[in-house]
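To start, the structure itself, in structure tokens.
The values are calculated or read from the model by the stated rules, or taken from the named source; none is laboratory data. All values derive from a computational prediction rather than experimental measurement. Neighbour counts run over all protein chains shown; Cβ positions are idealised from the backbone, glycine included. All accessible areas refer to the heavy atoms of the entire protein, side chains included, with ligands and DNA or RNA removed. Shrake-Rupley method; radii C 1.70, N 1.55, O 1.52, S 1.80 Å.
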Amino acid sequence: MVFVIILLVVLFLAFWWLGGKELVGEWLTGLFPVERLKKGDKVDVFLNGKHNRTATITGITSSSLLIYDRLPLPVDYRGTFYATGVDQNDGSKLVYVKNRKHFKFVRAAELVKKVFNVLDDAENLVPEDPVMVEAATMGAATETESDSETETETEEAGDGL
């Protein structure tokens, strides 16, 4: 009898360490809603657990999504109905969901992701042409820098009057 129990424990541990953990995680992930985000969709942005805004996705890269044609938001993980990111400037956590009512499932999905090593959903926030989006982001940054230079020049010119 003891031999059977030891054998079952060894088989369970082998299953768990050789990929069973991930299989259970994928099964549990299947219990959550499936609403994938893509370019042109409205997305609800939650900043540190509180609703911040609703915006339209205008571009997607491998590491960010673009809203308002010029504001890149970081994306670190893509789930079946949500995506998360951490802002490198201040460390705040961003969560993106297509349906605001699904935000209540994010904590459970994050727990399943961490415990069962769930991989990103390859069909959520699929990056578009990376060169075009990166150029748009770089152009937005360059415009902002040139605008601030113009304001500085104008202020300097106004000081002499």
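With labels modelled as points extended 7 Å from the Cα through the Cβ direction, what inter-label distance (nm, one decimal) is found for K38 paired with E128?
Output for this residue pair reads 1.2 nm.
Pull out the extension gain between M1 and N99, defined as 0.36 nm times the separation in residues minus the alpha carbon to alpha carbon distance; nm, one decimal. Display every interim value, and only then the final one.
Working: separation 98, 0.36 × 98 = 35.28 nm, distance 5.24 nm.
The span from M1 to N99 would gain 30.0 nm if fully extended.
Enumerate the amide H contacts of D121 below 5 Å, restricted to partners 5 or more residues apart or on another chain; note that Pro and chain-start residues carry no placed amide H.
HN-HN under 5 Å from D121: R78, G79.
Starting from 0.36 nm per residue, how many nanometres of slack lie between R53 and L18 once their C-alpha separation is accounted for?
On the way: separation 35, 0.36 × 35 = 12.60 nm, distance 4.21 nm.
Extra length from R53 to L18 when fully extended: 8.4 nm.
Provide the per-residue ³J(HN,Hα) series for segment 42-50, in order, calculated from phi with Karplus coefficients 6.51, -1.76, 1.60 and θ = phi - 60°, each as a whole number of Hz, with x at glycine and proline positions.
With the stated coefficients, segment 42-50 comes to 7, 10, 8, 9, 10, 10, 6, x, 10 Hz.
If packing is taken as the average number of other Cβ atoms within 10 Å across a peptide's residues, how do 69-79, 110-120 rank, most packed first?
Highest mean packing first, the order is 69-79, 110-120.
Quick one: grab the alpha carbon gyration tensor of segment 42-106, order the square roots of its eigenvalues as a ≥ b ≥ c, and give me rounded if a/c is under 1.5, else prolate or oblate depending on whether a/b is larger than b/c. List each step's numbers first, then the result.
Values: a/c = 1.41, a/b = 1.19, b/c = 1.18.
Rounded, since a/c falls under 1.5.
Give the distance, in whole Å, between the Cα centre of segment 1-38 and the Cα centre of segment 54-69.
35 Å
Can you pull out the GluC sites (Glu not before Pro) in segment 17-64 that DSSP calls coil and that have at most 15 other Cβ atoms within 10 Å? Display every interim value, and only then the final one.
Numbers: sites: E22, E26, E35; in loops: E35.
Taking segment 17-64 and a limit of 15 other Cβ atoms within 10 Å, the loop GluC sites (Glu not before Pro) found are E35.
Heavy atoms of the protein only, probe of 1.4 Å, neighbouring chains included. What is the accessible area of F3 in Å², nearest 10?
Answer for F3: close to 150 Å² accessible.
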